[in-house]
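**Student:** Pasting a structure below so you can have a look.
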Amino acid sequence: MKLTFNLSDLVASAINMPSPNNHDDISEWVRTVNRKEISLSDIKISSGMLRSFIEETFGIGFDLAKHDHASHNRNQLNKLIKQVTSTERAKKTVLDFYEYKALLELEEFSRFIIKRMEIDFLAEDQTKLYNELMFLQAARYEHTYQYKQDKKYQQLSIAYALSRFPNFADAVRAYYCLYIERYNVDYPINEQEGELLEIIHYRYIQNDPSVYKYETTTEVAFQDDVTILYDFLEDVDRWDRRTEDVTGSYVYLNAMISKLYSRADFITNWYIKEIGQIALNRPLNDND
């Protein structure tokens, strides 16, 4: 495994995707709940690997026989590692993916790299140095206010685009209504639809008061298309990030959109006939 501060590349190197020619295997891989954990469990980074990478990339010396500041550099790095994992004397320290990610997100780690790099500045490959600095800052970007605003804008843009597809928003509404009325409506739920309801369920178990929870089918029925789709995108993202990672939710999102759209007409018809009576608080005629 080639070490880098680019977490996306690191994850990509650990993911063993099935052949794109095998549709069944791809579908099964996408639907595997613990697919990320299986892939990420292969990422193991020893403190020795990390020191070698930092020394090669940023010129920060750790070799006691070659560099005056090596002992100080080792001590500083070890203190940072202890913030994200437990260490034992005379035993090799190994970080898993989540511990490594947490290390890169530490402000003190960024300061250590930049400060010691400026002092020692022995790196030969300047392009690699500046690229890795960029990746290090990107790892911390996810926890900034700007990231949240950028992500909201991105998801709103996707929601708007999806709203242009006929019946798609109604298909999403149908699942929210089905979730709310799941004990009152007789509707056969297949495995894929159960998965979608599980995603929506994740909205309702959030403790954050800013996460809005639809209480009635009327609320769902009269919500505008872009908002209901944006809520769905948030739910997919929230569900897919149940364990903190950086693989992103859009592989899974694309699969969910495909499933929804493939049944949009059928779901919309069911939504009108079965849920519409409750949502609109009026009886439907046979001609509706």
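**Student:** Please compute the modelled spin-label separation between Y183 and E88, points set 7 Å along Cα→Cβ, answer in nm with one decimal.
**Tutor:** Result: 4.9 nm between the two label points.
**Student:** Something else about it: How much FRET efficiency would the formula 1/(1 + (r/R0)^6) give for A161 and K115, where r is the Cβ-Cβ distance and R0 is 51 Å, rounded to 0.05?
**Tutor:** Taking R0 as 51 Å, the efficiency between A161 and K115 is 0.70.
**Student:** Hey, rough spin-label estimate for E219 and A65, points 7 angstrom out along Cα→Cβ, what's it come to in nanometres?
**Tutor:** My value for the distance between the label points is 6.8 nm.
**Student:** Then there's this: Take each of the peptides 95-103, 230-238, average the number of other beta-carbon atoms within 10 Å over its residues, and list them starting from the highest.
**Tutor:** The most tightly packed comes first, giving 230-238, 95-103.
**Student:** Starting with the fewest neighbours, write out E107, E181 ranked by other beta-carbon atoms found within 10 Å of each beta-carbon.
**Tutor:** Result, fewest neighbours first: E107, E181.
**Student:** If each residue of separation counts as 0.36 nm, what is the full-extension length gain between E107 and S13 once their alpha-carbon separation is subtracted?
**Tutor:** In short, 31.2 nm is gained.
**Student:** Which order do S41, S86 fall in if you start with the one that has the fewest other Cβ atoms within 10 Å?
**Tutor:** S86, S41
**Student:** Between A138 and D42, what FRET efficiency comes out of the Förster formula 1/(1 + (r/R0)^6) with R0 = 25 Å and r the beta carbon distance, rounded to 0.05?
**Tutor:** 0.65
**Student:** Suppose R0 equals 35 Å; then what is the FRET efficiency for K79 and N207 from their Cβ-Cβ distance, rounded to the nearest 0.05?
**Tutor:** With R0 = 35 Å, the Cβ-Cβ based efficiency is 0.60.
Read-outs: derived from the displayed coordinates by stated rules, not from any lab. Because the structure is a prediction, the values reported are computed rather than measured. Positions of Cβ are generated from backbone atoms using ideal geometry, with glycine treated the same way; all protein chains shown enter the neighbour counts.
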